[in-house]
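The values are calculated or read from the model by the stated rules, or taken from the named source; none is laboratory data. All values reported here derive from a predicted model rather than from experimental measurement. Note that we place each Cβ from the backbone using ideal geometry, even for glycine, and neighbour counts take in every protein chain shown. Ligands, DNA and RNA are excluded from the accessible area calculation, which covers all protein heavy atoms including side chains. Shrake-Rupley method; radii C 1.70, N 1.55, O 1.52, S 1.80 Å.
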Amino acid sequence: LENRAPDSAERIRELMFTFDDLIGIDAKGIQVVMRNVDKDKLATALKGASEEIRTLFFSNMSERAAKILQEDMQNKGPVRMRDVDEAQMYIVNIARDLADSGEIVIADSNEEDQLVY
């Protein structure tokens, strides 16, 4: 499919891994993701995120950094859903690249991929 219809293959890849799937990244991995993303895009992406995902990101920041990011989110005011989707896909793509390079691990619901601490 990638050779015949690269656009379709990319769209399927995007649908297979969503912003909510970032919940499968451990604390260290989330911190790596945050160091690699634009903070403005992170604020936009989190505006449309579930409470669970917001908590995941905020709990992996210092109190001060989390407060600043929350203020940035509030100061943005209303944001188009299209902009939220674009920001979330930007972060998903970075997370996918980091996982492909072995810098982070994204565990899914598969028992084989669960992390043991």
(request) Residue by residue through the range 79-100, note down the ones that are touching a residue at least 40 places away in the same chain (Cβ under 8 Å), touching a helix residue (DSSP H, G or I) at 6+ places or on another chain (Cβ under 7 Å) and among the charged types (D, E, K, R). (result) none
(request) Just need a number here: residues in the range 11-45 that are among the hydroxyl-bearing types (Ser, Thr, Tyr) and either open to solvent by 50 Å² or more (accessible area, probe 1.4 Å) or not in a helix (DSSP H, G or I) (or both). (result) 1
(message) I'd like the residue in the range 61-93 that is part of a loop (DSSP other than H, G, I, E, B) and more than 30 Å from residue 11 (Cβ to Cβ) and, out of all such residues, is nearest to the chain's Cα centre (by Cα).
(response) 61
(message) Every residue in the range 63-83 that is open to solvent by 70 Å² or more (accessible area, probe 1.4 Å) and either among the polar types (S, T, N, Q) or within 21 Å of residue 28 (Cα to Cα) (or both), please.
(response) 63, 64, 67, 68, 70, 74, 75
(message) Can you pull out every residue in the range 59-78 that is without any contact (Cβ under 8 Å) to a residue 24 or more places away in the chain and closer than 14 Å to residue 45 by Cβ?
(response) 70
(request) Could you please find all residues in the range 86-100 being modelled with pLDDT under 95 and open to solvent by 70 Å² or more (accessible area, probe 1.4 Å)? (result) 97, 100
(message) Restricting to the range 46-55, name every residue that is in contact (Cβ under 8 Å) with a residue 12 or more places away in the chain and either more than 18 Å from residue 93 (Cα to Cα) or open to solvent by 50 Å² or more (accessible area, probe 1.4 Å) (or both).
(response) 47, 50, 52
